[in-house]
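The values are calculated or read from the model by the stated rules, or taken from the named source; none is laboratory data. As the structure is a prediction and not an experimental result, all values here were calculated from the model. FYI the Cβ positions are ideal-geometry reconstructions off the backbone, even for glycines, and counts take in every protein chain you see. All accessible areas refer to the heavy atoms of the entire protein, side chains included, with ligands and DNA or RNA removed. Shrake-Rupley method; radii C 1.70, N 1.55, O 1.52, S 1.80 Å.
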Amino acid sequence: MSQEQPRRPREKQEQEDRIRYGDVFEVSGELASKPVAPHDSGLMETAEKTAFGETQMCGTATVMRAAANLNVRAGLVDREINDPTKVSVAQGVSVTQTDVPGRRIFTESVDGQVVGQYVQSMPTQEAAVGIVQSPITIGEALEATVQSAGAKPVDQSDAAAIQAAEARATGSDTIIPGGIAATAQSAAVFNAEVKREENKIKLGDVLKGATAKLPAEKVATKQDAEAVGNAEWRNNLNQAPHPGVLAASISQLLSSTRT
């Protein structure tokens with residue numbers, strides 16, 4: 001006669017089923033374990049509308065809203081978290097901007113941790129006299145990932161995405177010996193055998209100076225972002241409900257071609 005296994009307390013199961021910030025963003029510490037709440041997603045939507053005039057398609061606010069809605073529909077978010085008089089993240093949400101020559105960088109944060117980044121082109125004196133600001137390239141988009149997710153350990157989905165990006169930039173599916181794709185693949189294999197996070201190879205180690213490491217370059221396009229995203233998704237063992245950091249970086253930085 002088989003003996004029925006004891007069931008876990010319902011409250012503990014519900015806590016494990018919640019979609020938390022760590023499930024949808026590359027964050028750490030206490031924030032990673034907090035459930036995404038409707039009030040927080042509403043604050044991010046307001047912040048994006050203030051900064052951009054509208055919420056960004058497939059952006060941070062959209063991801064937060066989708067996760068929060070799933071938590072509410074499943075009955076996994078407490079009413080106290082839904083209460084706008086109670087903040088579920090200590091430092092709240094914010095969208096800040098930094099101006100650099102030719103570009104304006106918007107950084108989105110939750111509880112003091114970066115969860116999204118966008119770049120817009122800005123008119124310069126050179127542009128006014130007919131010198132056009134160069135659009136973002138695949139190499140530059142990869143380098144931008146160092147700022148938003150450089151501390152993330154390289155995994156197999158990252159390696160596949162970097163390989164796809166290298167292929168789109170060079171026009172060849174052949175992995176270049178010693179190139180960023182080969183380096184990323186080696187890093188993913190190494191990290192799979194390492195238990196301590198601090199000893200793992202990070203994205204920043206692989207992608208720093210990516211532009212110089214690519215033997216050929218091209219302007220990033222929506223199709224490039226989709227190819228990188230598909231590669232990330234196919235090789236994501238956890239099938240996490242968030243866009244890969246590399247595809248997101250390319251998609252967000254495409255705005256730098258807009259004035």
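Counting Lys and Arg as +1 and Asp and Glu as -1, what is the net charge of the other residues whose Cβ lies under 10 Å from the Cβ of residue 139?
Working: positive: 213, 218; negative: 140, 143, 166, 217.
Counting the neighbours of residue 139, the net charge comes to -2.
For residue 122, the solvent-accessible surface with a 1.4 Å probe is about 60 Å², rounded to the nearest 10.
Among 201, 162, the order of accessible area from largest down is 201, 162, computed with a 1.4 Å probe on protein heavy atoms. Going by accessible surface with a 1.4 Å probe and the largest first, 104, 196 read 196, 104. Karplus-derived 3J(HN,Hα) values for segment 188-198, using 6.51 cos²θ - 1.76 cosθ + 1.60 with θ = phi - 60°, are 5, 5, 4, 5, 5, 9, 9, 8, 7, 4, 5 Hz; glycine and proline are entered as x. Estimated at the nearest 10 Å², the accessible area of residue 20 is 80 Å² with a 1.4 Å probe. Spin-label model, residue 17 to residue 172: label points 7 Å out along the Cα-to-beta-carbon direction sit 5.2 nm apart.
Once the C-beta distance of residue 216 and residue 54 is scaled by a Förster radius of 51 Å, the resulting FRET efficiency is 0.90 to the nearest 0.05.
Pairs 152/213; 49/200; 49/222; 34/200; 49/218; 49/202: which exceed 28 Å Cα-Cα?
Values: 152/213 20 Å; 49/200 38 Å; 49/222 23 Å; 34/200 25 Å; 49/218 31 Å; 49/202 33 Å.
Violating the 28 Å limit, Cα to Cα: 49/200; 49/218; 49/202.
With a Förster radius of 41 Å, plug the Cβ-Cβ distance of residue 223 and residue 70 into 1/(1 + (r/R0)^6) and report the FRET value to the nearest 0.05. Can you show the working numbers first?
Values: r = 30 Å, r/R0 = 0.72.
Plugging the Cβ-Cβ distance into 1/(1 + (r/R0)^6) gives 0.90.
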